[in-house]
Each structure stands twice: as structure tokens, then as C-alpha cells.
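Working notes, beginning with the structure itself.
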Amino acid sequence: IILFKQGQSSNLKKVFSHGEENLYKAISRNWVMIALIVLTILGFYIRFAPAVAPNFFEFDPYYYMRVTEFLVQKGVIPTYDDSAYYPMQEFHRLSPPAMHYMTGSWYLLYQWLLGLPYEKNVFIFVSQVYPALVGAFMVFLSYLLIKEEYGKYAGLAAGALFAVTPQLVKKFAAGVSEQQPFGLFLVLLVLAFYALAINRRSY
């Protein structure tokens with residue numbers, strides 16, 4: 001939509017309408033952006049590939065899924081509940097992060113579009129998209145941050161590191177679903193946008 005509104009669609013038509021020679025030139029001219037797109041897709045795929053079963057590799061996501069389940073089934077997170085530390089009551093209103101509302105909305109949209117009843121396994125699968133998705137976005141953001149100061153080749157190298165660094169793959173993999181991926185993503189988002197705004201003197 002953004003490309004279309006900027007009038008970029010006419011440029012794409014030119015690339016694909018003048019034969020193979022022009023397409024080869026377009027690819028050779030834009031190979032860094034094509035490589036970045038491939039790295040971003042790869043970054044998502046290797047993180048989402050473990051989502052073959054509705055289970056988790058950490059303890060906290062069980063609690064996070066339960067809190068999100070309250071939102072999906074009841075429309076509100078209860079103030080107190082005994083399902084976390086029975087028989088003690090757990091206070092849920094400390095600061096419910098946006099992650100619960102985001103993933104819950106995804107599932108409700110999926111459920112509404114297909115007209116399906118609530119199913120816990122599907123709910124967990126849908127929620128596991130989130131860490132892999134923000135991991136893929138971090139590939140792009142790291143490219144933006146480094147490119148602004150050191151050029152597109154250094155930016156591409158940074159994107160490649162963010163795509164395949166083992167610890168980042170592990171913490172952003174489907175089945176982890178903790179809050180750290182969202183926090184790290186937001187830190188990188190703020191840094192990248194701040195660097196762009198300062199260097200370009202533009203809001």
C-alpha cells in the first residue's frame with residue numbers, strides 16, 4: 001500500500017515489462033534490498049519452524065497464555081485469580097503488557113474470520129507467531145540502524161547477524177513466547193528511529 005501511494009508501482013511495472021535484460025539490471029542494482037528481504041524471511045522461518053506442537057520451552061509463557069486466555073474468553077483480565085499460585089491469589093493487574101492484547105486480538109480475528117469455536121491448541125499456535133515476527137522485524141531494524149551510519153553493506157551484515165545469531169534465534173523462537181522479545185524489539189525500534197530522525201533532521 002505504501003509503495004503504491006508513493007507511486008513506486010509504476011517503477012515495478014517498468015522492471016517487469018522490458019524483458020529479462022532489464023530485470024537482471026534491476027536485480028543487480030537492488031541486490032542488497034533483495035538480500036535483506038531474504039534475510040528477513042529466513043529470520044522469521046528459522047524462528048517459527050519449531051512451532052510444530054502447542055508446547056513451550058520456558059515456564060513463564062504458560063502464565064502469559066493463561067492471562068491472554070482470560071482476554072480471549074472473558075474479554076477482561078481478572079484482578080485476582082488462584083490458577084497461578086493456588087491456593088494463593090495472584091494479582092494480574094500489575095501491568096498487563098500489550099503482548100497479551102496483541103496476540104489475543106490475532107486469535108480472535110482468526111476465530112471470527114473462520115467462524116470457529118475456541119480451541120486452546122490453535123490459540124497457542126497463533127500466539128507463537130509473535131516472537132518469530134518481532135525477530136524478523138529486528139533483522140530489518142538492525143539494517144536500518146547500522147546502514148544510516150556505516151552504509152548498506154555493513155547494515156546487511158548486521159541484519160545477517162540478527163537473523164542467525166543462535167541466542168537471538170533461541171530467545172525469539174516459537175515456543176518461547178516470553179516478554180523479552182517484545183522489549184528487545186521495542187528498544188531496537190526506538191534506537192533505529194531515533195538515529196534516522198537525528199541523522200536526517202526529520203520527524
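The values are calculated or read from the model by the stated rules, or taken from the named source; none is laboratory data. In this text the structure is predicted, and so the values were computed from the model without any measurement. Neighbour counts run over all protein chains shown; Cβ positions are idealised from the backbone, glycine included. Accessible surface is based on the protein model in full, side chains and every heavy atom, while ligands, DNA and RNA are left aside. Shrake-Rupley method; radii C 1.70, N 1.55, O 1.52, S 1.80 Å.
Under the condition of being within 19 Å of V176 (Cβ to Cβ) and either in contact with a helix residue (DSSP H, G or I) (Cβ under 7 Å, 6 or more places away or on another chain) or crowded, with 16+ Cβ neighbours inside 10 Å (or both), the residues counted in the stretch 103-121 number 4.
When F162, F185, F140 are screened for being closer than 22 Å to Y107 by Cα and aromatic (F, W, Y), only F185 passes.
May I ask you to say which residue of E178, E119, E148 is among the acidic types (D, E) and within 22 Å of N30 (Cβ to Cβ)? Talk me through it step by step, then tell me what you get.
Details: E178 fails: within 22 Å of N30 (Cβ to Cβ); E119 fails: within 22 Å of N30 (Cβ to Cβ).
Within the list E178, E119, E148, the selection yields E148.
Test L133 against the stated conditions and say whether it is at pLDDT 90 or above and either of a type in the set (D, E) or over 30 Å from W31 (Cβ atoms) (or both). Criteria not met by L133.
The set of residues in the stretch 57-102 being within 24 Å of the chain's Cα centre (by Cα), outside any loop (DSSP other than H, G, I, E, B) and aromatic (F, W, Y) consists of Y62, Y63, Y64, F70, Y101. As a summary of the residue check, Y86 satisfies the conditions (1) under 24 Å from V169 (Cα atoms); (2) at pLDDT below 75; (3) loosely packed, with under 12 Cβ neighbours inside 10 Å except for the one numbered (1). For the structure I just gave you, tell me whether E69 is more than 30 Å from P166 (Cβ to Cβ) and either touching a helix residue (DSSP H, G or I) at 6+ places or on another chain (Cβ under 6 Å) or of a type outside the set (A, V, I, L, M) (or both). The answer is yes for E69. Annotation: I41 fulfils all but one of (1) open to solvent by 60 Å² or more (accessible area, probe 1.4 Å); (2) over 18 Å from the mean Cα position of the chain (by Cα); the unmet one is (2).
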